[in-house]
Structures are given as structure tokens and as C-alpha cells.
Amino acid sequence: MHAPNTINIKNKKASFEFAFIDNYSAGIQLTGTEIKSIREGKCNINDAFCVFFNNELYIRNMHIAHYFHGTYNNVEEKRDRKLLLNRQELNKLQNKLKDQGLTIVPLVLYINDKGYCKIDIALAKGKKLYDKRDDIKKRDTEREMQRKMK
């Protein structure tokens, strides 16, 4: 019996840059060496985004480092990877993306209980500068309250 997987790679910039509308959990189509690199925690989703191509959803700019023990099986680090959602969810996302200013942003990459790699994505709208200032102000006041409580 092995220890539970604790891989939980977050996109920390996403909540600061975007306001989330809908959340989805999707599978990712990966090769064998890519999943091994993810299990070692060698992945970055900070610059990643999702696009539709031929009615399928792909994640672009997600960096998965080469697996150290991989040979010719290693693939390109920042290649497009297909996201696995059911057709109803894909159609719903595609219709909502027609609205101005919406995008699909990856939030968290994790490995579930069955050992499959999953990614939480969100339909999001970009925040304005004053929205970001409000978030900073809220965060600072919460910190001060926590300090006073101790």
C-alpha cells in the first residue's frame, strides 16, 4: 500500500487576475513520462490557458518538465494537451466563451484517489485595476484581524 498522493499544484495568480464564474474538473490526456513528472511535482500552470480547437478543449503553455529517467519517450515540455470533459460541458463552455472578455483559466492540478491526473478549470472574467486594489485591501484587513486575535 502506498502513501496518498499529495500533488496539488496551484495557479496562485489566477484568483488575483480573474473573477471566476463557473468551475469544472477535467481530465488531461498525458503520456507516461508526463504523468511521472507530475507525480514528482515538476509542473507549472501559472502561464497556462485553455482554448478550443476543432470543438475540443486544449490547455496551452502548461509546463511539464522532462522526466529524468525518460529516454526517447519524453515529449515537448509546453505542448498542447487535450482536456477531457463531456460534450455537454464543452458545448456550455463554448457558448459562454462567445461573450466578450471571458476566458478559461486552470486553477489546480492534482492527482485524485484513483491515481488519475485532474485539473480544475474556471470560466473567468479579467479583473480591473480597482478590483485588484479591493482584494489587496480585504487581504490586509483580514491579516490585521488575525494578528489581533492572537
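The values are calculated or read from the model by the stated rules, or taken from the named source; none is laboratory data. Being a predicted model, the structure only gives us computed values, none of them experimental. Note that each Cβ is placed from the backbone with ideal geometry, even for glycine, and that neighbours are counted across all protein chains shown.
Per-structure values
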{"read-out": "Matching entry among E34, E56, E76 (being over 16 Å from N11 (Cα atoms), in contact with a helix residue (DSSP H, G or I) (Cβ under 8 Å, 6 or more places away or on another chain) and of a type in the set (D, E))", "value": "E56"}
{"read-out": "Residues of region 114-150 that turn out to be outside any helix (DSSP H, G or I) and in contact (Cβ under 8 Å) with a residue 60 or more places away in the chain, as a count", "value": "13"}
{"read-out": "Residue match in region 75-92 (condition: in contact with a Pro (Cβ under 6 Å, 6 or more places away or on another chain), of a type outside the set (G, A, S) and not in a helix (DSSP H, G or I))", "value": "no"}
{"read-out": "Residue match in region 124-145 (condition: among the aromatic types (F, W, Y) and under 29 Å from K36 (Cβ atoms))", "value": "no"}
{"read-out": "Qualifying positions in region 93-124 - surrounded by 15 or more Cβ atoms within 10 Å (Cβ to Cβ), more than 22 Å from I9 (Cβ to Cβ) and of a type outside the set (A, V, I, L, M, F, W, C)", "value": "none"}
{"read-out": "Checking L30 against (1) outside any loop (DSSP other than H, G, I, E, B); (2) of a type outside the set (D, E); (3) touching a Cys at 6+ places or on another chain (Cβ under 9 Å), the condition it does not meet", "value": "(1)"}
{"read-out": "Hits in region 33-49 - residues which are under 10 Å from the mean Cα position of the chain (by Cα), of a type in the set (S, T, N, Q) and either surrounded by 16 or more Cβ atoms within 10 Å (Cβ to Cβ) or in a strand (DSSP E or B) (or both)", "value": "N44"}
{"read-out": "Failed condition for N11, given (1) buried (at least 16 other Cβ atoms within 10 Å of the Cβ); (2) modelled with pLDDT of 90 or more; (3) of a type outside the set (D, E)", "value": "(2)"}
{"read-out": "Hey, F52 assigned to a strand (DSSP E or B), out of contact with any strand residue (DSSP E or B) (no Cβ under 7 Å at 6 or more places or on another chain) and either touching a residue at least 60 places away in the same chain (Cβ under 8 Å) or farther than 20 Å from N112 by Cβ (or both) or not", "value": "yes"}
